[in-house]
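The values are calculated or read from the model by the stated rules, or taken from the named source; none is laboratory data. Note that this is a predicted model, so its numbers are computed, not measured. Note: ideal-geometry Cβ built from the backbone for every residue, glycine included; neighbour counts use all protein chains shown. SASA here: full protein model, heavy atoms, side chains in, ligands and nucleic acids out. Shrake-Rupley method; radii C 1.70, N 1.55, O 1.52, S 1.80 Å.
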Amino acid sequence: MGGFLHDAKRFVLKNRQITDTAPLQLYCAGLIFSPQMSIVRRQFETELPTWICQFPHVEERWNAELQTLEGHSDSVHSVAFSPDGQLLASASGDNTVRLWDLTTGALQQTLDGHSDRVQSVSFSPDGRLPASGSDDETVRLWDLITGAPRQTLEGHSDWVQSVSFSPDTRLLASGSDDKTVRLWDPTTGAPQQTLEGHSSRVYSVAFSPDGQLLASGSWDKTVRLWNPTTGALQQTLEGHLESVCSVTFSP
């Protein structure tokens, strides 16, 4: 029974969109594209449509892919899990952020408000506040329940490439093509610090797990470490031969 339920879950997740829009197509588009050795396919083999002369070649067993979340109309630039693992946020060139239910793969909210591509998305550590950075030069904070924008943080003079919350949720950092990192109070939306020093666009920002350091990676081929409380530069890490596109701390 356990094997059948696991297999049935894989089948449902893989074919959720078909189930929602045209459930009878499960017998064609669902069953015939299921793996050859899947329990659901073998259990309902007599239901396979006889009018199909040649079935497609499919893999023998389920692969690692659980779901395909479709809905964006342009490229997806960033994804982030909520801390409780229940939601996935995706930021796209279609100017929106989408929130997905990871249990079912269903779309929960479309966060619409940016006027240009959304480059980065992040959840606050308490899971209550999604933030997004966009080519419209703003950072937006969203209401998780209604999908409405709560704050629009303005100050950058070029595209915002990355957003990241401090572990205690008291600060939000944003990195921009204007060569700066900005720190904001996510509760009020007030700017706290502008960290200047990079000589080119800032691609990525990340807080250390204890919140004592903020790292930024830049097109200028360096990583810089900052004190997020004072805004002081702590170190400049040099050595890369090309731009630094992403930074992260070990746990």
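Within the range 186-202, the set of residues being assigned to a loop (DSSP other than H, G, I, E, B) and either closer than 19 Å to Glu137 by Cβ or touching a helix residue (DSSP H, G or I) at 6+ places or on another chain (Cβ under 6 Å) (or both) comprises Pro186, Gly189, Ala190, His198, Ser200, Arg201.
The set of residues from the range 34-85 being open to solvent by 90 Å² or more (accessible area, probe 1.4 Å), polar (S, T, N, Q) and free of Cβ contacts under 8 Å to residues at least 24 places away in the same chain comprises Thr46, Thr50, Gln54, Ser73.
Check Phe81, Phe55, Phe33 and return the single one that is aromatic (Phe, Trp, Tyr) and closer than 30 Å to Ser204 by Cα.
Details: Phe55 fails: closer than 30 Å to Ser204 by Cα; Phe33 fails: closer than 30 Å to Ser204 by Cα.
Checking each option against the conditions leaves just Phe81.
Please go through the range 163-202 and give me each residue that is of a type in the set (S, T, N, Q), open to solvent by 10 Å² or more (accessible area, probe 1.4 Å) and touching a residue at least 40 places away in the same chain (Cβ under 8 Å), ordered by number.
Kept after step one, since they are of a type in the set (S, T, N, Q), are these residues of the range 163-202: 164, 166, 169, 174, 176, 180, 187-188, 192-194, 199-200.
From the residues that got through so far, the ones that are open to solvent by 10 Å² or more (accessible area, probe 1.4 Å) too are 164, 169, 180, 187-188, 192-194, 199-200.
Residues satisfying the conditions are Ser164, Thr169, Ser200.
Yes or no, residue by residue, for (1) more than 20 Å from Ser218 (Cα to Cα); (2) modelled with pLDDT of 95 or more; (3) in contact with a strand residue (DSSP E or B) (Cβ under 6 Å, 6 or more places away or on another chain):
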position	(1), (2), (3)
Arg117	no, yes, no
Arg128	yes, no, no
Ala131	yes, yes, yes
Asp136	no, yes, no
Val139	no, yes, yes
Gly147	yes, no, yes
Glu154	yes, yes, yes
Ser166	no, yes, yes
Leu172	no, yes, yes
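Here's the yes/no breakdown for (1) at pLDDT 95 or above; (2) surrounded by fewer than 16 Cβ atoms within 10 Å (Cβ to Cβ); (3) assigned to a loop (DSSP other than H, G, I, E, B):
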residue	(1), (2), (3)
Ser204	yes, no, no
Pro209	yes, yes, yes
Arg224	yes, no, no
Pro228	yes, no, yes
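Cβ-Cβ distances below 7 Å connect the following pairs, each with a first residue in the range 148-159 that is under 18 Å from Thr188 (Cβ atoms), a second residue that is of a type in the set (Val, Ile, Thr) and assigned to a strand (DSSP E or B), and a separation of six or more residues or different chains: Thr152/Thr138; Leu153/Thr138; Leu153/Val139; Glu154/Thr138. Whenever a residue of the range 109-134 is of a type outside the set (Val, Ile, Thr) and crowded, with 18+ Cβ neighbours inside 10 Å, its partners that are at pLDDT below 95 and not in a strand (DSSP E or B), lying with C-beta atoms within less than 6 angstrom and at least six residues away or across chains, give the pairs Gln109/Gly147; Leu111/Gly147.
Of a type in the set (A, V, I, L, M, F, W, C), more than 22 Å from the chain's Cα centre (by Cα) and on the phi < 0 side of the Ramachandran plot: which single residue out of Leu172, Leu195 fits that description? Steps first, answer last, please.
On the way: Leu172 fails: more than 22 Å from the chain's Cα centre (by Cα).
Exactly one of Leu172, Leu195 is of a type in the set (A, V, I, L, M, F, W, C), more than 22 Å from the chain's Cα centre (by Cα) and on the phi < 0 side of the Ramachandran plot, namely Leu195.
Do the conditions hold for Thr103, that is, is it in contact (Cβ under 8 Å) with a residue 12 or more places away in the chain and surrounded by fewer than 12 Cβ atoms within 10 Å (Cβ to Cβ)?
So Thr103 passes the test.
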